[in-house]
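The values are calculated or read from the model by the stated rules, or taken from the named source; none is laboratory data. Keep in mind that this is a model prediction, so the values were computed, not measured. Please note: Cβ atoms are built from the backbone with ideal geometry, for glycine as well, and neighbour counts cover all protein chains shown.
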Amino acid sequence: MEESHFVSIFESVASEVMGNKALIGRKTNLFYQLTLNRKLELDVNTAAPARGTSAFQTDICIFELLKGIKFPRVVIEFKMGISSHDILTYSTKAGKHKKIYPCLRYGLLASELDYIPNRFFIHNENLGFLHRSQELQE
């Protein structure tokens with residue numbers, strides 16, 4: 001299954017659960033740190049996070065629209081399979097994002113896993129879920 005098929009599944013689920021408050025972002029940038037300059041002002045445009053300016057790109061982000069502000073609620077990263085390196089990398093990335101967005105749920109969806117490997121439980125600290133896409137097809 002391709003990422004675009006999953007996007008449409010998540011769009012319909014998010015719309016069902018959250019109604020018109022749900023927005024789906026593809027290749028969305030989310031902040032991993034916010035710093036102040038010498039005038040005690042943020043150095044970044046908080047309305048438009050950009051890669052290379054304290055933001056990491058995510059595959060899919062489900063936002064909740066609150067008073068005109070897109071508030072990130074769920075991030076899903078897509079992988080074919082997962083290695084220990086993937087788990088360590090995405091767990092660290094999730095942890096950095098959760099420092100800025102504490103209510104964020106963050107996880108992986110893997111398309112070619114027969115089972116969830118033990119290394120996920122050993123190396124993971126910040127990912128809330130790992131889902132096998134085969135379970136979605138059944």
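Restricting the first residue to the stretch 82-103 and requiring it to be farther than 10 Å from ARG119 by Cβ and touching a residue at least 24 places away in the same chain (Cβ under 8 Å), which pairs with a second residue that is surrounded by fewer than 13 Cβ atoms within 10 Å (Cβ to Cβ) and of a type outside the set (Lys, Arg) meet a Cβ separation below 6 Å and a spacing of at least six or different chains?
Close Cβ pairs (under 6 Å, with a partner that is surrounded by fewer than 13 Cβ atoms within 10 Å (Cβ to Cβ) and of a type outside the set (Lys, Arg)) amount to SER91/GLU125.
Of (1) of a type outside the set (S, T, N, Q); (2) buried (at least 19 other Cβ atoms within 10 Å of the Cβ); (3) touching a helix residue (DSSP H, G or I) at 6+ places or on another chain (Cβ under 9 Å); (4) over 17 Å from GLY107 (Cα atoms), VAL74 satisfies all except one. Which?
Of the numbered conditions (1) of a type outside the set (S, T, N, Q); (2) buried (at least 19 other Cβ atoms within 10 Å of the Cβ); (3) touching a helix residue (DSSP H, G or I) at 6+ places or on another chain (Cβ under 9 Å); (4) over 17 Å from GLY107 (Cα atoms), the odd one out for VAL74 is (4).
Among what's in the stretch 32-62 and is in a strand (DSSP E or B) and in contact with a Ser or Thr (Cβ under 8 Å, 6 or more places away or on another chain), pick the residue that is surrounded by the most Cβ atoms within 10 Å (Cβ to Cβ).
Among them, the one singled out is CYS61.
Of the numbered conditions (1) within 12 Å of the chain's Cα centre (by Cα); (2) modelled with pLDDT under 90, THR53 fails exactly one; give the number of that condition.
(1)
Looking only at the stretch 74-93, count how many residues are in a strand (DSSP E or B) and either hydrophobic (A, V, I, L, M, F, W, C) or closer than 12 Å to ASN126 by Cα (or both).
4
I need the full set of residues from the stretch 122-138 which are at pLDDT 90 or above, within 20 Å of VAL75 (Cβ to Cβ) and not small (Gly, Ala, Ser), in order please.
Residues of the stretch 122-138 at pLDDT 90 or above: 122-129.
Imposing the further condition that a residue be within 20 Å of VAL75 (Cβ to Cβ) reduces the set to 123-129.
Passing the criteria: HIS123, ASN124, GLU125, ASN126, LEU127, PHE129.
Among the residues of the stretch 65-96, which ones are within 28 Å of MET18 (Cα to Cα), modelled with pLDDT of 90 or more and among the aliphatic types (A, V, I, L, M)?
VAL74, VAL75, ILE76, ALA94
Only residues that are surrounded by fewer than 17 Cβ atoms within 10 Å (Cβ to Cβ), over 25 Å from ARG73 (Cα atoms) and either touching a strand residue (DSSP E or B) at 6+ places or on another chain (Cβ under 9 Å) or among the aliphatic types (A, V, I, L, M) (or both): list them for the stretch 112-121, please.
GLU112, ASP114, TYR115
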